[in-house]
Amino acid sequence: MTITLDRIETQDTLPTSASVVIVGGGIVGISAALALAERGISVVLLEKGHIAGEQSSRNLGWIRKTNRHLHDVPLAQAADRLWAGMADRVGQDVGYQQGGIMFLAKTTPQLDMHKGWLDSVASLSLDSKIVDADDIDTLVPGGKGKWLGGIYTPSDGYAEPALATPAIAKAAIKKGAVLIQECAVRTLLKKEGRITGVMTEKGEIQCDQVLLAGGAWSRRFLGNLNIGFPTLPLICSVLRTKPMEGPTNIAVGGPDFSFRKHKDGGYIITQRGKLDAPITLDHMLVGHRYIGQLKTQRDFLNVSLGRYFFRDLALSRRWSAKSTSPFETYRVNSPAFNAALNQQALDNLKAAWPIFEKAEIAEAWAGIIDVTPDSNPVIDHIASIPGLTIATGFSGHGFGTGPAAGQLAADLIAGVEPMIDPSPYRFDRLAKGK
């Protein structure tokens, strides 16, 4: 994980009961815990490793509406409002900057894609706009990229993943939520089909409802309950530079790089045009669901068969409440970063903005992205198990909407009017044949 992650202290004692148990200590689960605690609902959050140890601290920190599906934008808009007030809400800086996000285009098809997206969300009256080469030079000076144009959303922004989720977690604890790290949930306990509690590696907790916010681990957890949830893994490699002068505070995404300013004065950089796609057994089980994505995105994927396959294959897919779960065997999903992709990103960025010739790498890391067939998450009750709600499958863009996704999940659990229409995130849309 990033060395800048703010590690927090949590209690070790397992409560005997709670109204709600949350499985997973990423930004979505933590945000749900805070929202429930603020309403006076007793909640226990259990994390097999440590808070924000996986994708919630390894992502780029972008908070965007740009290029989201039309039906996904309202959640992003709700998240904007929550991020704007987050520092006051949790009593700590989370590194939030509404500095804008810009995506660049070198070719007509790339620019047409941005224009098409802007047309698709015209009904929402966003502040997104198409920019030309002169606009880019003004907003992000010093470039040599010869861009045809791009799309710019001034109200987009970013926060610091290594600060944000731990800060929200501390606020949840102050509001009464119980958080426990290094405590894996093995499975659900049920009576007459309805949830009565969870079995953890440290014992049982009785509860009325469970929220699964397990990120890339959710498919395996649900599979043990005979619930099919199609996700496949991708690996994104990232680097952070040492503090340096740079062209802008706007987050910028080019065809083969992206960068944004880090709180310490450096830059977060990745190869936006390539992701590692390690083959797993799940590709054979649910890979046919991704044929459409593969046809349009094959050039973006480094497909490989290697160590990840065999490590994943060795982890159990079936276990009992009394047996060791895979979440205890492998507590933190920490893939090796791809140094070659990081170097490509830096080289491509240097060619576009020569000031990055001065960049020195401070650290590098990688994280797992859990991708669904339509690249959107599920935030919904599971009808076959009364009392179970899931909020997972965010496909690499969950940090930005995390506070709103967590609150939406909390709304569903509490049975109150949801903050937005939850229908785009229904579980049944991923049912076979749909």
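Table for the structure above
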| item | result |
| --- | --- |
| HN-Hα J in Hz across the stretch 293-301 - Karplus 6.51, -1.76, 1.60, θ = phi - 60°, x for Gly and Pro | 5, 4, 4, 9, 10, 4, 5, 8, 10 |
| Binned Cα-Cα distances of the stretch 356-408, short to long, each 10 Å bin given as a whole percent | 20, 35, 24, 13, 5, 2 |
| Cα gyration tensor, the stretch 384-434 - rounded (a/c under 1.5), prolate or oblate | oblate |
| Per residue accessible area in Å² of the chain, where ligands, DNA and RNA are left out and the probe is 1.4 Å | 40 |
| At R0 = 25 Å, FRET efficiency that the Cβ-Cβ distance of A383 and R318 yields, to 0.05 | 0.65 |
| Mean projection area, nm², convex hull over Cα of the stretch 42-131 | 8.6 |
| Three-way shape label, the stretch 212-257, alpha-carbon gyration tensor, a/c 1.5 | prolate |
| Under 5 Å, built H, 5+ apart or other chain: amide partners of T187 | M199 |
| Cα shape, the stretch 15-78, gyration tensor, a/c 1.5 rule | oblate |
| Calculated from backbone phi, Karplus (6.51, -1.76, 1.60) coupling profile of the stretch 151-158 in Hz, x at Gly/Pro | 10, 9, 10, x, 7, 6, x, 7 |
| Heavy atoms of M419: accessible area, 1.4 Å probe, square angstrom to 10 | 60 |
| Of all accessible heavy-atom area on the chain, the percent that carbon and sulfur account for (1.4 Å) | 52 |
| When each of K48/K242; K65/K263; K65/K146 is checked by Cα-Cα distance, pairs over 30 Å | K48/K242 |
| Inverse mean reciprocal Cα-Cα distance (Kirkwood Rh) of the stretch 287-428, Å | 19.0 |
| Accessible area (Å², 1.4 Å probe, nearest 10) - D93 | 70 |
| 10 °C / 1.306 mPa s Stokes-Einstein diffusion coefficient of the stretch 255-333, Kirkwood radius on C-alpha pairs, µm²/s | 100 |
| Over the stretch 84-237, relative contact order from alpha-carbon pairs under 8 Å, at least 6 apart, % | 21 |
| Whole-number D in µm² s⁻¹ for the chain, Kirkwood Cα-pair radius fed into Stokes-Einstein, 25 °C, 0.890 mPa s | 111 |
| Given the chain, longest segment not containing exposed loop GluC sites (Glu not before Pro) (DSSP; at most 16 other Cβ within 10 Å) | 10-181 |
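The values are calculated or read from the model by the stated rules, or taken from the named source; none is laboratory data. This structure is a prediction, so every number in the text was calculated from the model and none was measured. In this analysis, Cβ positions are derived from the backbone assuming ideal geometry, glycine residues included, and neighbour counts consider all displayed protein chains. All accessible areas refer to the heavy atoms of the entire protein, side chains included, with ligands and DNA or RNA removed. Shrake-Rupley method; radii C 1.70, N 1.55, O 1.52, S 1.80 Å.
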